[in-house]
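The values are calculated or read from the model by the stated rules, or taken from the named source; none is laboratory data. The shown structure was predicted, so the numbers you read here are calculated from the model rather than taken from an experiment. Methodologically, a virtual Cβ is constructed for each residue, glycine included, from the backbone with ideal geometry; neighbour enumeration extends over all protein chains shown.
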Amino acid sequence: MIGVFGGSGFYSLIEKHETKEVSTPFGTPSSPLNFGDIYGKKVYFMARHGDGHALPPHKIPYKANLWAMKQCGVKRILAPAAVGSLKHDIKPGTFVIPDQLINFTSGRDDTYYGGMNELPDLSQVTHVSMAEPYCPKLSDILGETFKELDMPFRMGGTIIVIQGPRFATKAESGFYQKHGDVINMTQYPECVLARELEMCYANISLVTDYDAGLGIHRAVSADEVLRVFKENNEKLKQIILTAIGKVDYDDCKCMHALEGARF
């Protein structure tokens with residue numbers, strides 16, 4: 001089964017769907033799960049920010065969201081997200097399939113392991129490898145999809161993840177430019193939690209704006225982010241729907257992430 005998280009401006013995917021309310025040991029997910037069949041595969045969709053974009057990035061119940069997906073049998077996650085550009089040559093409207101991530105968030109609950117006595121399987125200290133935060137197989141499928149649809153995209157890149165909900169200062173943005181290609185507020189700990197649950201996870205970043213520190217562009221605004229995302233929403237849905245039809249592998253190293261992760 002395949003799961004899809006909808007980000008800013010992306011609140012639905014499956015036309016004919018059923019809705020499922022899921023409870024988890026980690027609280028209530030951002031929204032109910034919509035599920036249906038796409039190319040003969042069962043797909044679950046969840047709005048990451050909740051119905052009506054009610055949840056800011058630092059308040060998203062990431063642990064409940066990923067647990068709900070896993071509980072429904074999801075093994076692979078496609079996770080589109082709005083991002084800002086940290087490079088002049090990565091223009092708004094560009095799609096990026098990242099392969100690395102640097103976390104600058106703070107205080108987010110970012111692991112399932114080592115704390116919940118009522119869930120004995122999660123009580124053991126676990127050190128999951130995040131050397132490759134994004135699933136290479138799923139990312140390659142996304143790359144093949146872009147080529148098939150003849151849509152321009154950038155393969156590879158580093159996402160800087162900041163706490164939010166505010167945008168970066170010019171000085172912060174200048175610092176982030178030295179380390180990353182695009183900037184976002186939700187990729188961490190979403191991708192880490194997926195790995196801890198041994199699910200494949202890949203991101204499609206849609207660049208909605210230039211970040212403040214590039215020097216020649218106006219300050220970032222939420223209105224601008226949403227406008228560019230809406231302009232590209234149908235393209236994004238086409239990419240995801242086509243990619244779902246291509247997902248046909250049975251095994252991946254992501255599905256064995258806990259092997260060797262414990263002392």
Query raised in the report: How many residues does segment 196-210 hold that are under 19 Å from Glu231 (Cα atoms) and either free of Cβ contacts under 8 Å to residues at least 60 places away in the same chain or touching a Gly at 6+ places or on another chain (Cβ under 9 Å) (or both)?
Result: 6
Report summary line: Expected single match for among the polar types (S, T, N, Q) and either buried (at least 24 other Cβ atoms within 10 Å of the Cβ) or under 20 Å from the mean Cα position of the chain (by Cα) (or both) among Gln163, Gln177 is Gln163
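Checking the condition modelled with pLDDT of 95 or more and surrounded by 23 or more Cβ atoms within 10 Å (Cβ to Cβ), which residue from Val182, Val207, Val192 passes?
Val182
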Query raised in the report: Say we look at segment 228-255 and pick out the residues that are part of a helix (DSSP H, G or I) and acidic (Asp, Glu); which of these is surrounded by the fewest Cβ atoms within 10 Å (Cβ to Cβ)?
Result: Glu234
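So is Leu241 farther than 19 Å from Arg108 by Cβ, aliphatic (A, V, I, L, M), within 15 Å of the chain's Cα centre (by Cα) and at pLDDT below 95 or not?
Spelling it out, it is not the case that Leu241 is farther than 19 Å from Arg108 by Cβ, aliphatic (A, V, I, L, M), within 15 Å of the chain's Cα centre (by Cα) and at pLDDT below 95.
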Report summary line: Scanning segment 1-38 residue by residue, the ones that are modelled with pLDDT under 85 and touching a Pro at 6+ places or on another chain (Cβ under 9 Å) total 3
Report task. State whether the residues of segment 118-134 include one that is of a type in the set (A, V, I, L, M, F, W, C), more than 29 Å from Asp211 (Cβ to Cβ) and surrounded by 13 or more Cβ atoms within 10 Å (Cβ to Cβ). Result -> yes
Report summary line: For segment 69-97, pairs from a residue that is within 20 Å of His49 (Cα to Cα) to a residue that is in a helix (DSSP H, G or I) and among the acidic types (Asp, Glu), with Cβ under 8 Å and 6 or more apart or across chains, are Ala79/Glu190
Report task. Considering only residues that are farther than 21 Å from Leu258 by Cβ and of a type in the set (Phe, Trp, Tyr), look in segment 54-113 and name the one that is surrounded by the most Cβ atoms within 10 Å (Cβ to Cβ). Result -> Phe95
Requested in this report: Taking only segment 168-193 into account, find how many residues are part of a loop (DSSP other than H, G, I, E, B) and of a type in the set (Asp, Glu).
Outcome: 1
